[in-house]
Amino acid sequence: MIPPFEYQSPETLTEACRVLGEWGPRGKIIAGGTDLVISLRKGEARPQILIDVTRIPELRRIEEAGGKIGIGAAVTHGEIASSKLIQRYGKVLSDAASWVGSPQIRNLGTIGGNIVNASPAADTISPLMVLEAVGRVVSKKGVTEVPLAELFRGPYQTNLKPDELLAQISFPKLPSGFRGSFVRLARREAMAIARMSVAVMLRMARGEDRIEEIRISAGAVTPTPHRIAEAESVLRGKPPDEETMKKAAQCLSGNMVRWSGVRPSTVYKAPVVEALFRRCLRQALEEKP
Ligand SMILES: Cc1cc2nc3c(=O)[nH]c(=O)nc-3n(C[C@H](O)[C@H](O)[C@H](O)COP(=O)(O)OP(=O)(O)OC[C@H]3O[C@@H](n4cnc5c(N)ncnc54)[C@H](O)[C@@H]3O)c2cc1C
């Protein structure tokens, strides 16, 4: 049984920060509850108060301002998947959001919850890495902007303090010519957490003969998310031929082994992540810029 707890549903960010500041580590933020309620049922989380952030208007908005796209932390996967703005400027993210769970999960689960839950398999995180996203972290003490990669401490752990909340995630609108792709592998297409996923953004040089710029990230292969710089440098400035793609794919699996060590699953995961990466790269190359 879930032990009793207080519940508050502030309507402003200031009020949410005040309540968080007052309760500190005894409180827990809840958005869609699709991860948290499971932890409550298992007894892994035992908050004395749940602070529901879904009634705070600025956490529910998707906006375009100052050359950036801002997504409130309580925006749902369903809203992201169907947002014209994100489809236009961050398609890799709207595609990933459309894969999360099922319609019911996408209607409840939020991008903020997906990030702060910090599962290595979370679908939105590698797309956000290649979009160079930044998180806006807010508390009673003020506001800080943190590159998303710096928010993660380990699997299911972030660097957020108990009195801090994630208010918004933003990424720069990409210059024209960028194209991207997200691919995931799971036991089933719906209602299954990804075994592995890959996100790629790239821009071809004029003439389409070589890759001018490329960003690569992968989900569920390393304890914390990051860009795969070695694989990026293999491809940057080169034509995307089979040999170069293979070399970059090997860099990606090598990176996985370096970060996660050799495990019983490595014999399966290494060739599969290489194949997924090549599929993702081909898909990105076929996209219309
Ligand atoms: C059946 C099922 C299928 C699923 N399938 C997928 C899938 O395919 N892909 C995938 O990536 N995930 C999947 N999930 C996991 C989950 O739905 C997502 O991670 C979702 O985005 C979590 O968001 P939420 O709003 O429900 O978070 P919550 O459960 O409300 O919160 C999760 C954590 O984040 C914290 N939190 C939430 N919002 C904030 C905030 N603004 N600031 C600070 N902390 C915050 C909470 O305190 C809690 O620790 C699935 C879950 C279920 C139950």
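The values are calculated or read from the model by the stated rules, or taken from the named source; none is laboratory data. Remember, predicted model here, so these are calculated numbers, not experimental data. As a convention, Cβ positions derive from the backbone with ideal geometry for all residues, glycine included, and neighbour counts pool all protein chains shown.
Of all residues in the stretch 11-30, which are over 15 Å from GLU164 (Cβ atoms) and not charged (D, E, K, R)?
Passing the criteria: THR12, ILE30.
Given the conditions (1) farther than 21 Å from SER170 by Cβ; (2) in contact with a helix residue (DSSP H, G or I) (Cβ under 6 Å, 6 or more places away or on another chain); (3) β-branched (Val, Ile, Thr), which single one is not true for VAL37?
(2)
Return the only residue of ALA167, ALA121, ALA133, ALA190 being more than 14 Å from the ligand (Cβ to nearest atom) and either over 17 Å from ALA74 (Cβ atoms) or at pLDDT 95 or above (or both). If you could, list the steps in order and put the result at the bottom.
On the way: ALA167 fails: more than 14 Å from the ligand (Cβ to nearest atom); ALA121 fails: more than 14 Å from the ligand (Cβ to nearest atom); ALA190 fails: more than 14 Å from the ligand (Cβ to nearest atom).
Step by step, each of ALA167, ALA121, ALA133, ALA190 is checked, and only ALA133 is more than 14 Å from the ligand (Cβ to nearest atom) and either over 17 Å from ALA74 (Cβ atoms) or at pLDDT 95 or above (or both).
Please go through the stretch 177-193 and pick out each residue that is farther than 19 Å from ALA229 by Cα and surrounded by fewer than 23 Cβ atoms within 10 Å (Cβ to Cβ).
Selection gives GLY177, LEU185, ALA186, ARG187, ARG188, GLU189, ALA190, MET191, ALA192, ILE193.
Would you confirm whether any residue within the stretch 242-260 is over 19 Å from the mean Cα position of the chain (by Cα), under 30 Å from GLN104 (Cβ atoms) and surrounded by fewer than 17 Cβ atoms within 10 Å (Cβ to Cβ)?
Looking for residues that are over 19 Å from the mean Cα position of the chain (by Cα), under 30 Å from GLN104 (Cβ atoms) and surrounded by fewer than 17 Cβ atoms within 10 Å (Cβ to Cβ), one finds none in the stretch 242-260, hence no.
Say we look at the stretch 132-155 and pick out the residues that are of a type outside the set (A, V, I, L, M) and not in a strand (DSSP E or B); which of these is farthest from VAL19 (Cα to Cα)? Spell out how you get there, then give the answer.
Going residue by residue through the stretch 132-155, those that are of a type outside the set (A, V, I, L, M) are 132, 135-136, 139-142, 144-145, 147, 150, 152-155.
After this cut, where a residue has to be not in a strand (DSSP E or B) as well, the list is 132, 140-141, 150, 155.
On the way: GLU132: 31, LYS140: 9, LYS141: 13, GLU150: 25, PRO155: 27 Å.
This residue is GLU132.
Taking ALA81 as the residue in question, decide whether it is in contact with a helix residue (DSSP H, G or I) (Cβ under 9 Å, 6 or more places away or on another chain), hydrophobic (A, V, I, L, M, F, W, C) and surrounded by fewer than 21 Cβ atoms within 10 Å (Cβ to Cβ).
Numbers: in contact with a helix residue (DSSP H, G or I) (Cβ under 9 Å, 6 or more places away or on another chain): yes; hydrophobic (A, V, I, L, M, F, W, C): yes; surrounded by fewer than 21 Cβ atoms within 10 Å (Cβ to Cβ): yes.
Considered against the rule, which asks whether it is in contact with a helix residue (DSSP H, G or I) (Cβ under 9 Å, 6 or more places away or on another chain), hydrophobic (A, V, I, L, M, F, W, C) and surrounded by fewer than 21 Cβ atoms within 10 Å (Cβ to Cβ), ALA81 comes out as yes.
Only one of LEU50, LEU93, LEU40 is in a helix (DSSP H, G or I), over 12 Å from the mean Cα position of the chain (by Cα) and not aromatic (Phe, Trp, Tyr); which?
Just a single option satisfies the conditions, and that option is LEU40.
Residues in the stretch 156-181 that are in contact with a Ser or Thr (Cβ under 7 Å, 6 or more places away or on another chain) and more than 21 Å from ALA16 (Cα to Cα): how many?
Of the residues in that region, 1 qualify.
Of all residues in the stretch 137-147 being closer than 16 Å to ALA73 by Cα and touching a residue at least 40 places away in the same chain (Cβ under 8 Å), which is farthest from the ligand (Cβ to nearest atom)? Lay out the reasoning, then the answer.
Step one: list which residues in the stretch 137-147 are closer than 16 Å to ALA73 by Cα, which gives 137-139, 143-147.
Going one step further and asking which of them are touching a residue at least 40 places away in the same chain (Cβ under 8 Å), we end up with 138-139.
Numbers: VAL138: 9, SER139: 10 Å.
Result: SER139.
State whether the residues of the stretch 101-109 include one that is crowded, with 16+ Cβ neighbours inside 10 Å, of a type in the set (S, T, N, Q) and either more than 7 Å from the ligand (Cβ to nearest atom) or free of Cβ contacts under 8 Å to residues at least 40 places away in the same chain (or both).
Within the stretch 101-109, the subset crowded, with 16+ Cβ neighbours inside 10 Å is 101, 105-106, 108-109.
Right, trim to of a type in the set (S, T, N, Q) and you get none.
No.
Does GLU79 count as within 10 Å of the ligand (Cβ to nearest atom) and at negative phi? Full working, then the answer.
Values: within 10 Å of the ligand (Cβ to nearest atom): no; at negative phi: yes.
The answer is no for GLU79.
So that you can scan it fast, the table gives a plain yes or no per residue for (1) within 16 Å of the ligand (Cβ to nearest atom); (2) under 13 Å from the mean Cα position of the chain (by Cα):
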| site | (1), (2) |
| --- | --- |
| PHE171 | no, yes |
| SER181 | no, no |
| ALA186 | yes, no |
| ALA194 | yes, yes |
| ASP209 | no, no |
